[in-house]
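Okay, structure first, notes after.
The values are calculated or read from the model by the stated rules, or taken from the named source; none is laboratory data. As the structure is a computational prediction, the values presented were derived from the model and not from experiment. Backbone-built Cβ (ideal geometry, glycine too); neighbour counts: all protein chains shown. Areas reflect the complete protein model, heavy atoms only, side chains present, ligands, DNA and RNA absent. Shrake-Rupley method; radii C 1.70, N 1.55, O 1.52, S 1.80 Å.
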Amino acid sequence: MPPTDASTDAGTAPITSLSSDTGPDADSQDTLDLRLPDELVALFAEEAEAARGAELAAEHGGGKGTAKPGPVTPTVTPTGDDLLDGVGCWGPIAGPVGPFHLVPVRIDRDLTLISRWMNDPAVAAFWELAGPETVAEDHLRAQLDGDGRSVPCLGVLDGTPMSYWEIYRADLDPLARHYPARLHDTGIHLLIGPVANRGRGLGSALLRAVSDLVLDRRPSCSRVVAEPDLRNTPSVAAFLSAGFRFSAEVDLPDKRAALMVRDRALRDVL
């Protein structure tokens with residue numbers, strides 16, 4: 001199961017995401033409990049590993065302290081279809097806050113920075129990944145060594161890494177058991193790293209941009225889903241500002257969540 005909430009733009013309030021649409025009137029025919037054949041899983045794993053092994057030209061460093069990370073520029077080349085349609089090859093997007101890239105995580109380059117963010121109390125309260133770097137490393141390796149159904153990424157804004165994302169197949173995730181999942185549902189987790197980037201609407205702008213990117217790059221995906229903690233009103237507001245709609249309340253193993261949905265059919269309306 002993916003982690004809990006992270007930090008975004010509404011004050012220092014944390015935010016996250018996972019899965020979506022539920023409720024007593026939900027169409028039960030949408031419910032999926034998928035298990036891929038071992039051969040297909042192995043094939044996807046090989047392709048995902050090849051994509052992750054592609055080099056990025058620019059290093060951002062990441063030594064301990066307060067030094068500002070340098071720019072990261074993706075140089076990933078397509079390796080064919082995978083469970084998330086080649087997140088590493090989606091390329092940059094332009095937006096109101098500047099050019100933005102989702103760059104797949106590389107542990108040797110990114111671990112120290114991500115671990116530092118995870119140890120921020122506002123983030124740790126929801127992600128529960130504070131501690132030595134091995135804690136964050138185990139969390140990252142579980143995804144990187146998997147079959148590609150979840151891809152951890154750095155969010156690089158105008159050349160500077162400033163957020164951590166997980167783009168994942170919600171319909172293939174254990175959380176699909178908690179809502180009527182549809183084939184190719186795509187979930188998002190997000191945390192904003194530097195405190196200076198929180199509380200000024202940046203999270204909402206990036207959530208809208210990345211959910212648009214998912215819908216553009218994954219034509220088989222009809223909706224992007226998220227599940228901030230129901231008690232985190234600022235986080236729910238951030239998703240609403242990003243074009244998500246409130247779907248339902250749902251009890252997850254670690255919290256009661258507000259299921260948020262960004263529908264392809266409504267993306268130009270909300």
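Shape class for region 102-253: rounded, because the ratio a/c of the largest to smallest gyration tensor axis (alpha-carbon atoms, square roots of eigenvalues) is under 1.5. Summarising the label geometry, the points placed 7 Å from Cα in the beta-carbon direction at Val269 and Ile107 lie 4.5 nm from one another. When the scattering of region 227-270 is computed by the Debye formula from its Cα atoms alone, each counted once and equally, what is log10 I(q)/I(0) at q = 0.15 Å⁻¹? One equal scatterer on each Cα of region 227-270 leads to -0.35.
Remark: spin-label model distance Glu133-Ser222 equals 4.5 nm, labels positioned 7 Å along the Cα→Cβ axis.
Excluding ligands, DNA and RNA, the accessible surface per residue across region 94-139 is 41 Å² with a 1.4 Å probe.
How large a share of the accessible area of region 89-223, in percent, is made up of carbon and sulfur atoms when the probe is 1.4 Å and the other protein chains stay in place? Could the numbers behind the result be given before it?
Details: 2490 of 4510 Å².
It is 55 percent, rounded to a whole number.
With bins 10 Å wide beginning at 0, the percent of Cα pairs of region 123-210 falling in each bin runs 14, 42, 36, 8. Only alpha carbons enter this Debye calculation for region 127-172, each as an equal point scatterer, and the log10 of I(q)/I(0) it gives at q = 0.16, 0.30 Å⁻¹ is -0.53, -1.09. The charge dipole of region 81-233, taken about the Cα centre with unit charges on the Cβ atoms of Lys, Arg (+1) and Asp, Glu (-1), comes to about 460 debye, rounded to the nearest 20. For Ala181, the residues whose modelled amide H falls within less than 5 Å of its own, excluding neighbours fewer than 5 places apart on the same chain, are Leu32.
Residues in region 197-210 carry Karplus couplings, in order, of 8, 9, x, 9, x, 5, x, 4, 4, 6, 4, 5, 5, 6 Hz; the curve used is 6.51 cos²θ - 1.76 cosθ + 1.60 with θ = phi - 60°, and Gly or Pro positions show x. The mean accessible area for residues of region 164-270, using a 1.4 Å probe and ignoring ligands and nucleic acids, is 35 Å² per residue. Each residue of region 103-112 was assigned a 3J(HN,Hα) from its phi angle through the Karplus curve 6.51 cos²θ - 1.76 cosθ + 1.60 (θ = phi - 60°); the sequence is 10, x, 5, 10, 4, 5, 9, 10, 4, 4 Hz, with glycine and proline shown as x.
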